[in-house]
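Some notes on the structure that comes next.
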Amino acid sequence: MFHMGIFDEKVVVITGAGRGIGRAHALAFTKEGAKVVVNDLGTELDGSGSNVAIADSVVVEINVSGGEAVANYDSVVTMSGGRSIINTALENFGRIDVLINNAGILRDKTLLKMDESMWDNVIDVHLKGTFICTQAAAIVMRNQGTGGSIINTTSITGILGNFGQANYGSAKAGIIGFTRIAAIELEKYGINVNAIAPAAVTRMISPIVSEKMVPECISPLVLFLASEKGRDITGKVFGIHGSKIFEYKVSYTEGIEKEDHNLWTIDEIAKHFDQIGV
């Protein structure tokens, strides 16, 4: 049996929890006493197909170890799917306290070769899915009156860019903006909203990270943000690479202002660009 933990009687919904980072989150939360909804459509990396066994295997792993978990196989890309994911928590456990938006796919292609479906599918799963599940969960959290925590998943690709991932990077950058706005709007209901930009060995990014960066390294930060110890933290974006945790912040240069306040000319901008863009 699991020991008494900091999430006893709490209910956590995790999308894309059948493998990789999502699975690590599910196991970590249940070890701390949470009841978990394991959502996973069981698709291939590009979003094609489905396999209920992916979510079921995690649920079995949790339940045979003394935890409590149920599976959900709905897609995050439709409003009805998002509501069904959250309703799974309500129907089985009576509430929701934490939402982890983790579901994702990849359809990498350079900009000039990317077709419309490659763009739409990735934006839908990452960005639209984050919106849909967040809205559905936040409505319930607001009505419960006890607050809650939402942790979204962005990526360094959405912050610094990466070759061949215009769709993925755009979706992940959008999640950052969405996180900040959701944090502002939901704060009055006691709901904190943050994002993580993790790096770990998974089927999505294994070739480009150290083998020491395992999914289990990511989950302690997520548990902290969802716990009472992280209750006052909201609207933030944190990177976590193995044992290193840091915060991403927006900054801008000092810039330069025209003393006469007239419109800039092209030549003037060129002359002072070192002061603008340093």
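Values in this text are rule-based calculations from the coordinates and carry no lab data. These numbers come from a predicted model, not from an experiment. We place every Cβ from the backbone using ideal geometry, glycine too, and count neighbours over all the protein chains shown.
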Q. Using the Karplus equation 6.51 cos²θ - 1.76 cosθ + 1.60 (θ = phi - 60°), what ³J(HN,Hα) coupling, rounded to whole Hz, does each residue of the range 153-162 give in order, writing x for Gly and Pro?
A. 10, 10, 7, 4, 5, x, 9, 10, x, 7
Q. Quick one: of the DSSP bridges fully inside the range 11-252, what percent are antiparallel, nearest 5?
A. 15 percent
**Q.** Whole-number percent relative contact order across the chain, with pairs defined as alpha carbons under 8 Å at least 6 apart
**A.** 15 percent
Q.
Less than 9 Å Cβ to Cβ from residue 12, Lys/Arg counted +1 and Asp/Glu -1: what total charge do the surrounding residues give?
A. +1
Q) What whole-number value in cubic angstrom gives the convex hull volume per residue for the C-alpha atoms of the range 1-114? A) 99 Å³
Q) Among 163, 82, 122, which residue has its Cα positioned farthest towards the positive end of the charge dipole of the chain, with +1 placed on the Cβ of Lys and Arg, -1 on the Cβ of Asp and Glu, and the dipole taken about the Cα centre? A) 82
Q. Which net charge results when you count Lys and Arg as +1 and Asp and Glu as -1 among the other residues whose beta-carbon is under 9 Å from that of residue 76?
A. -1
Q: Counting helices only, and only those DSSP H runs with n ≥ 4, report the 222 nm mean residue ellipticity of the chain as the sum of -39,500 (n - 2.57) divided by its residues, in deg cm²/dmol to the nearest 500.
A: -11500 deg cm²/dmol
**Q.** Nearest 10 degrees, 0 to 90: helix 20-31 Cα axis against the chain principal axis
**A.** 50 degrees
Q: Quick one: grab Rg to one decimal and Dmax as a whole number for the range 11-252, Cα atoms only, in Å.
A: 16.5, 52
Q: Compute the acute angle (0 to 90°) between the alpha-carbon long axis of helix 166-186 and the principal axis of greatest extent of the alpha-carbon atoms of the chain; round to the nearest 10°.
A: 80 degrees
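What's the longest piece of the chain with no exposed trypsin sites (Lys or Arg not before Pro), counting a site as exposed if DSSP puts it in a loop and it has at most 16 other beta carbons within 10 Å?
96-202
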Q: Note down the net charge around residue 192, summing +1 for each Lys or Arg and -1 for each Asp or Glu among other residues with Cβ under 10 Å from its Cβ.
A: 0
Q: Starting from the range 25-103, pick out the GluC sites (Glu not before Pro) whose DSSP state is loop and whose Cβ has at most 12 other Cβ atoms within 10 Å.
A: 44
Q: Show the residues, 5+ positions off or on another chain, whose built amide H is closer than 5 Å to the amide H of residue 238.
A: 195, 196, 197, 248
